[in-house]
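Here, each number is a calculation from the coordinates, and none is a lab measurement. This structure is a prediction, so every number in the text was calculated from the model and none was measured. So basically every Cβ, Gly included, is an ideal-geometry build from the backbone, and we count neighbours across all protein chains shown.
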Amino acid sequence: MLTLLFYTAISFLVAFLFFPVFIKVLGQWRLFDSAGDHKIHTKFTPSMGGLAILLGALVALSLSLSFQSWVTQRFFLFRLH
C-alpha cells in the first residue's frame, strides 16, 4: 500500500512540475486552443496539458517495474509491430 502511495506521489509531482514547462513550450510553438462561441475561455489557451499527466504516469510506471519486467515488456511491444 505504501509503494502505491509513493508511485502516485511521484506521478503527481512530475506532472505538477512539468505543467508550467509544457504550457510555456506550447505557447512558443503556438499550439493554442482558439476561443469560440462554445468555449469557456475568451482568449487563446495552450492545449495538450495532458502530456504532463502522461509523462508523470510513465515516469512512475518506469520506476515501479523491475528490470526483468522491462525486458519482457520490451519484447512484447516489439512483437506488436
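Taking 0.36 nm per residue of sequence separation and subtracting the Cα-Cα distance, how much length would be gained by fully extending the chain between Phe32 and Phe19, in nm to one decimal? It would help to have the intermediate numbers written out before the result.
Numbers: separation 13, 0.36 × 13 = 4.68 nm, distance 1.49 nm.
Length gained between Phe32 and Phe19: 3.2 nm.
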Net charge of Cβ neighbours under 14 Å - reference Gly49; Lys, Arg +1; Asp, Glu -1: 0
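For Lys43, Lys24, which order do you get if you count the other beta carbons within 10 Å of each Cβ and list the fewest first? Present the calculation step by step, with values, prior to reporting the outcome.
Details: Lys43 7, Lys24 11.
By the 10 Å Cβ count, ascending: Lys43, Lys24.
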